[in-house]
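Comments concern the structure below.
The values are calculated or read from the model by the stated rules, or taken from the named source; none is laboratory data. Predicted model, so just to flag it, every value in this text is computed and none were measured. Cβ: placed from backbone, ideal geometry, glycine included. Neighbour counts: every protein chain shown. All accessible areas refer to the heavy atoms of the entire protein, side chains included, with ligands and DNA or RNA removed. Shrake-Rupley method; radii C 1.70, N 1.55, O 1.52, S 1.80 Å.
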Amino acid sequence: MPANPERLVLVASRLKLLLVLAVLLAALAVGLWVIGMTDDGWTAAWSWIGVLALGLGAIAALIQTFRPSRLVLTPEGFAIEGMIPVGLVAWSDVEAFVVFSSPPDADGHGEVPPQPAWRLKPDSEHRDGMTSRLVRLVGDIDGSLPTYLGRSPEEMVALMEDWRRRYS
């Protein structure tokens, strides 16, 4: 069956998701080892918190390995399918696609590595949604695209801008 030029589906790499899962499980094992080796209550308590966070991350990575994120582009707009789906966003609602990143704070925390993101037009009805409002707390964006789609953030932005210009 030939590909539909009016529809493009990008799927996250299962191999990269498996590598993320392996790293999380290794870190989880180290955390459990630290808990078993320490006699200090504070160290054990913080290690349990870390093990819990790593365990939740491992569960999410495992789910994504079997049901990876998909970015679906159509003439109407784009949609993200996966653990945290984003319904159809019309090309006409998008002001621009950008590469978003954020440097760490003074303590070295909170860095956001470069990722493809979108900014909605000020008059878009979706701009007042909870997801957009939460994402805007991090920066001047309304959402970000899934990672591990086989393209750099710059390539993803160029692809999305091409579709937006063509169909909005």
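Which shape class applies to region 18-104: rounded if a/c is under 1.5, otherwise prolate when a/b exceeds b/c and oblate if not, where a ≥ b ≥ c are the square roots of the Cα gyration tensor eigenvalues?
Prolate, since a/c reaches 1.5 and a/b exceeds b/c.
Starting with the highest mean, order 66-78, 5-17 by the number of other Cβ atoms within 10 Å, averaged over the residues of each peptide.
66-78, 5-17
Once the Cβ-Cβ distance between residue 26 and residue 112 is put in as r, and R0 is 30 Å, what FRET efficiency do you end up with, to the nearest 0.05?
Efficiency at R0 = 30 Å is approximately 0.80.
Subtracting the Cα-Cα distance from 0.36 nm times the residue separation, let me have the gained length for residue 90 to residue 102 in nm, one decimal.
This chain segment gains 1.7 nm when fully extended.
Using Stokes-Einstein with the Kirkwood hydrodynamic radius over Cα pairs, what translational diffusion coefficient do you get for the chain at 4 °C and a viscosity of 1.567 mPa s, in µm²/s rounded to a whole number?
72
Would you please put 23-33, 97-107 in order of how densely packed they are, using the mean number of other Cβ atoms within 10 angstrom per residue and starting with the highest?
23-33, 97-107
For the chain, what relative contact order do you get, as a whole percent, if you take Cα pairs closer than 8 Å and at least 6 residues apart?
21
Run the helix sum for the chain: -39,500 (n - 2.57) per DSSP H stretch of 4+ residues, divided by residue count, reported at 222 nm to the nearest 500 deg cm²/dmol.
-14500 deg cm²/dmol, from helical runs alone.
Of the heavy-atom accessible surface of the chain (probe 1.4 angstrom), what whole percent is carbon and sulfur?
Carbon plus sulfur share of accessible area: 64 percent.
According to a simple spin-label model (label point 7 Å from Cα along Cα-to-Cβ), what is the distance in nm between residue 70 and residue 162?
My value for the distance between the label points is 2.1 nm.
Under a point spin-label approximation (7 Å from Cα along Cα-to-Cβ), what is the residue 6-residue 133 distance to one decimal in nm?
3.7
With the cut-off at 14 Å, report for region 98-168 the share of all Cα pairs above it, as a whole percent.
65
Return the sequence-ordered ³J(HN,Hα) values of region 66-80 in whole Hz as given by the Karplus equation 6.51 cos²θ - 1.76 cosθ + 1.60 applied to θ = phi - 60°, using x for Gly and Pro.
8, 9, x, 5, 10, 10, 10, 10, 9, x, 6, x, 10, 9, 10
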